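Undergrad: Next up is a structure, given as structure tokens.
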Amino acid sequence: MAHSPRWLLAFVLASTAIFAQQPPELQSQPGESSSAPAIADETPISPLQFAKNIVYDQKPIWTFPAKVATGKHWKPVLVVALGTAGLVALDPYTEPYFHNEKRFGSYKTGPLRGRNTTLAVTLPPLAFYLTGLATHSTHARNTGLLAAEALVDSQVVGFVLKHAVGRLTPSDIPPGGNFRDTWFKYKGGFTNGGSFPSGHTASAFAVATVIAERYREHRWLPFVAYGTAAFLSLSRLPTQAHFPSDLFIGGAIGYSISHFIVMRR
């Protein structure tokens, strides 16, 4: 089945909610009595607070450029800017590889691949939330809500940027076409303003960052989280939905929103 690898990785990431449903500090250590007092659990995030958090996130997200102008976070921003610019310059040379119909034709015509990726990205936050409800783990339930919050935030940023720059998707450019003249030309629908940045990549890394940081004591979990996010993101290349530069900036956006906004509250 064409989509099975993508769904398998999404299932693996979602299943980590069962194996890592409590932070290690709440679990009994070897040699300790099971009756030892546990560290107090965190405060549950209510549905109302979840909605408020998304609204509150918008100010630090959209004022972030002003902070960079005052000297904060300028080094990582410079690295991301240079990396994105470099990949944009290389897009005309790298993208033709994925325009090989003999090699990737079946991926381009695969049904609803974007929608399947959306569902795969949404599955882990839902899995953590439901696992938290089933096991009465506030940590797992809050992880699901924080991941969902980061996902929504990344989608809002992606939506605005897509419509602002209107970059053509690689599939809009015929073989041998001009891969440089792609900006401010996309005429898609309201829900999809173009290819820059990759919204699926931003969402995947936003979710992965929350899970990795909330369960960082489990050394294996960040590798699973970020590895799955990377696979889901790279799967957008053979479908000709995005340029490599779209994925790079999307991943940076998703990570930054989770690390600097959601997880810093």
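Nothing in this text is a laboratory measurement; each read-out follows from the coordinates by a stated rule. If you're wondering where the values come from, they're calculated on a predicted model, not measured in any experiment. Every residue, glycine as well, gets a Cβ built from its backbone with ideal geometry; the counts of neighbours run over all protein chains shown.
Undergrad: Could you give the C-alpha radius of gyration of the range 44-262 expressed as a fraction of 2.2 N^0.38 Å, taking N as the number of residues it contains?
TA: For the range 44-262, the normalised Cα radius of gyration is 1.05.
Undergrad: Starting at 0 and stepping by 10 Å, how many percent of the alpha carbon pairs of the range 129-184 end up in each bin?
TA: Pairs per bin, as whole percents: 21, 24, 20, 17, 14, 3.
Undergrad: Something else now. In the structure displayed, which of K162/K187; K72/K162; K59/K162 lie more than 22 Å apart, Cα to Cα?
TA: Listed pairs above 22 Å: K72/K162.
Undergrad: Sorting D246, D172, D57, D153 on the 10 Å Cβ count, fewest up front, what's the list?
TA: With the fewest neighbours first, D246, D172, D57, D153 line up as D172, D57, D153, D246.
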